[in-house]
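Here is the structure we will look at, set down as C-alpha cells.
The values are calculated or read from the model by the stated rules, or taken from the named source; none is laboratory data. Remember, it's a predicted structure, so these values are computed and weren't measured experimentally. Glycine gets a Cβ as well: all are built from the backbone with ideal geometry, and neighbour counts include every protein chain shown.
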Amino acid sequence: MRLSARATPTLLLALGLAGVLIHSAARFALKATIAVMASYFIYTMLDWPGIRTAVVTCFFVALGSLGETMHKLTLRIGGALIGGAAALLSIVYVLPQMTDIGQLALLIAAMTASEISHRICTAAAQ
C-alpha cells in the first residue's frame with residue numbers, strides 16, 4: 001500500500017504526537033511510582049504503620065502538573081488538620097458532657113452533615 005505525499009506528513013505528525021503522549025504518560029507514571037515508593041520506604045523505615053495512608057495520598061494527589069498536585073495536596077492536608085481539630089475538640093469538650101447514646105448519635109450526625117454539605121458545595125463548584 002502506497003501512501004500519498006499528502007497523507008505522509010499527517011501520519012508522521014500523528015505518530016509524533018502519540019510518541020509525545022506516551023512519553024509524558026511514562027514520565028507521569030515514573031514520578032508517581034517514585035513518590036509512592038518514597039512514602040512506603042519512609043513509613044517502613046520508621047516502623048510506623050499508622051501512616052500507611054501516605055501511599056494512598058500519593059495516588060489521590062497525583063495530577064498532571066505540579067500546581068494541580070500541590071493544590072490538591074494542600075486541600076487534603078488542610079482537611080485532615082481541620083477534621084483532627086474538630087475531633088479533638090469534640091473529645092475534650094463535648095464527649096464528657098454526654099450521658100446517653102442519643103447525644104453521641106447527634107454529634108456523629110452533625111459531623112457527617114457538615115462533611116456532606118462540603119462535598120456537595122465542592123461538586124457544584126466543579
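Restricting to segment 48-65, and then to whatever is in a helix (DSSP H, G or I) and over 13 Å from the mean Cα position of the chain (by Cα), can you tell me which residue is modelled with the lowest pLDDT?
PRO49
Which numbered condition in (1) over 30 Å from ALA26 (Cβ atoms); (2) assigned to a helix (DSSP H, G or I); (3) assigned by TED's automatic domain parsing to the domain that holds ALA26 is the only one that ALA86 fails?
(3) is the only condition that ALA86 fails.
Residues are listed down the side, and each one gets a yes or a no for (1) loosely packed, with under 12 Cβ neighbours inside 10 Å; (2) touching a residue at least 12 places away in the same chain (Cβ under 8 Å):
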site: THR44; (1), (2): yes, no
site: GLY50; (1), (2): yes, no
site: ALA62; (1), (2): no, yes
site: SER65; (1), (2): yes, no
site: GLU68; (1), (2): no, no
site: GLY79; (1), (2): no, no
site: ILE82; (1), (2): yes, no
site: LEU89; (1), (2): yes, no
site: GLY102; (1), (2): yes, no
